[in-house]
1. GNM, chain A, Cα, under 10 Å: largest mean-square fluctuation among A:Thr45, A:Thr161, A:Thr124?
2. At 0.36 nm per residue, minus the direct Cα-Cα distance, what do A:Glu199 and A:Asn184 gain on full extension? Give it in nm, one decimal, please.
3. With just the Cα atoms defining each centre, how far is the range A:66-140 from the range B:137-177? Give it in Å.
4. Averaging sequence separations of C-alpha pairs under 8 Å and six or more residues apart, then dividing by the length of the range B:60-259, give the relative contact order as a whole percent.
5. Give the accessible surface of the range A:67-170 per residue, rounded to a whole number of Å², with probe radius 1.4 Å and ligands, DNA and RNA excluded.
6. At a Förster radius of 45 Å, what calculated FRET efficiency corresponds to the Cβ-Cβ distance of A:Asn9 and B:Glu28, to the nearest 0.05?
7. With springs only between Cα atoms under 10 Å apart, run a GNM on chain A and tell me which of A:Pro111, A:Pro56, A:Pro68 wobbles the most.
8. Using only atoms on other chains, find how many Cβ atoms lie within 10 Å of each Cβ of peptide B:98-110 and report the average.
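The values are calculated or read from the model by the stated rules, or taken from the named source; none is laboratory data. Since this is a predicted model, take the numbers as computed values, not measurements. Reconstructed Cβ throughout: ideal geometry from the backbone, glycine too, with neighbour counts over all protein chains shown. Remember, those area values only see protein heavy atoms, side chains included, never the ligands or the DNA or RNA. Shrake-Rupley method; radii C 1.70, N 1.55, O 1.52, S 1.80 Å.
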Amino acid sequence: MESLIVTQNLSKNYGGVRALEDLSLEVRRGEIVGLLGPNGAGKTTAIHILLGLLTPSSGSASVFGLSPLTHRHKIAPRLNFSSAYVQLPSNLKVLENLKIFSKLYNIPDAPKKIASLLELMDMTSLASRITGALSAGEKTRLNLCKCLLNDPELLLLDEPTASLDPEMADNVRKLLKKIQKERNIGILYTSHNMPEIEELCSRIYFIHEGRMIAQGSPEEIMKAFQSKTLEQVFIKIVRSGDFVVKEPGL
Amino acid sequence: MRQSLVRIGGILTRYLYLHMRSMPRLFEIFFWPVMELLVWGFVSVYFQSLLADPATRIAAILISAMIFWDILYRSQQAVSIAVVEDIWTQNIVNILVSPLRLWEWLAATFIYGFFKISLITALLSAIALTLYHFNLFSHLGLFMIPLLVNLLFFGWALGVFTSALVIRWGHSAEALIWGIPYLVQPVSAIYYPVSVLPVPLQWVAKGLPSTYVFEGIREVTKTHTLPWNYFWAALALNFIYFLLAALFFGKMFKSARNLGRLGRLGMD
Ligand SMILES: Nc1ncnc2c1ncn2[C@@H]1O[C@H](COP(=O)(O)OP(=O)(O)O)[C@@H](O)[C@H]1O
Ligand SMILES: [Mg+2]
């Protein structure tokens, strides 16, 4: 399978703070990859580098084989991004926001595209609502609508379910799985919610304090840490402070 | 190019919806300029009545100066408020990761400012005509165009400069959006000629395009003609300031990207 994202020894220091250290990862077409770690592990830092929002201190990052810093305009039309911490303008209507972004992404036949996405996200009846009046779950679904406007080949999702209740988070995961299967896109998904990652991702990169602790399928990682759940792995890693890099299956 | 235009149209649609959705914002376009004109207009009429000689045309000078000052102020505001609006609504990252280019974004804010100013100018001149019997258009005639072009242009440069500060320093720099224009106000010879300034400040004034516009307005009032060297001096200075502002914006943008501020705009 073709690589959509490749990073090599990616590092980022903010002044004295080491946010990311020698991160090497890969996301291929058609797979959902989890970037996992506690708060402050460096997940958002990695995503921002891939989006061209952040300059790495050293190492390399490429998206579709291009550098996000120098070729952002070639990369941007082919990917999309969503995060619980980024919102569409709250004072505009749902439909207005989607219209604006379909222009920013140069979507041909936007009305049709928007209608089909609203349908997919079960939001048709909310089209003329003010965005700020939506519930957290509806906002997340709207963000995902925006994410799919340009039929992206790659989705970067930074804790997209962070503000959702378990039932709604489950809906969103099912939807993502469906999209990924139907469209064969690659997804890089960050979270500190272990069961979520276990359910969704075929491969995981586990990072802590900017460093890669483990990588592999959820099963491989659980086996390597002699744990029954990823949650146990998580707690072991965070509490041990001893970060032996384990690369099960490699 | 066509794609660029569609994206610029996208950002303009965003501002259009914003004003349609928000009465206070629609109101705000007109509120301050109208209030300011009311105060200055009556003050001018009063001053004029104190002077026996109507040929001094003090009312005309003050009212046109006030309206043009507002054009400069609003032109700068349109650019920086447009940028800050997307920071407030935590939408800026959506914009920054979209295919929109930086220059397209700024171009959209310029066009937005142009529309805003056209509306304000039309309204203010109508009020001036009704209340003070002062006709801005017949007073300045076609000289209005070169004068306006230079003010709009300088407003853009100031707007780009303030936006750069906001992108680099976030919320803490927001107050500058309203402050920066008042930094150039005293040295732009708006309500008084450059000659009343102390000599060192005269030098500063002569380095600002706005000064030539306001001196130009007074010349037109006095002599019914605009000295063209004023126009060219302002235009040349505008090119320099605009270029510097654009370079500064690029530098601040890169610096924000280095420090990790770009992805966190609106979150602190
Ligand atoms: N702009 C910044 N300036 C300074 N430190 C930062 C900045 N952004 C993130 N950090 C620090 O870098 C580390 C990683 O942050 P982040 O990537 O946001 O982690 P995560 O998304 O995994 O929670 C944290 O210690 C955080 O405090
Ligand atoms: Mg994060």
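1. Maximum among the listed residues: A:Thr124.
2. My answer for the length gained is 3.6 nm.
3. If we compute the Cα centre of each part, the gap is 31 Å.
4. 29
5. Dividing the accessible area of the range A:67-170 by its residue count gives 37 Å².
6. Once rounded, the FRET efficiency stands at 0.35.
7. Taking springs between Cα atoms under 10 Å, the residue moving most is A:Pro111.
8. For this peptide, the per-residue mean of nearby foreign Cβ atoms is 3.
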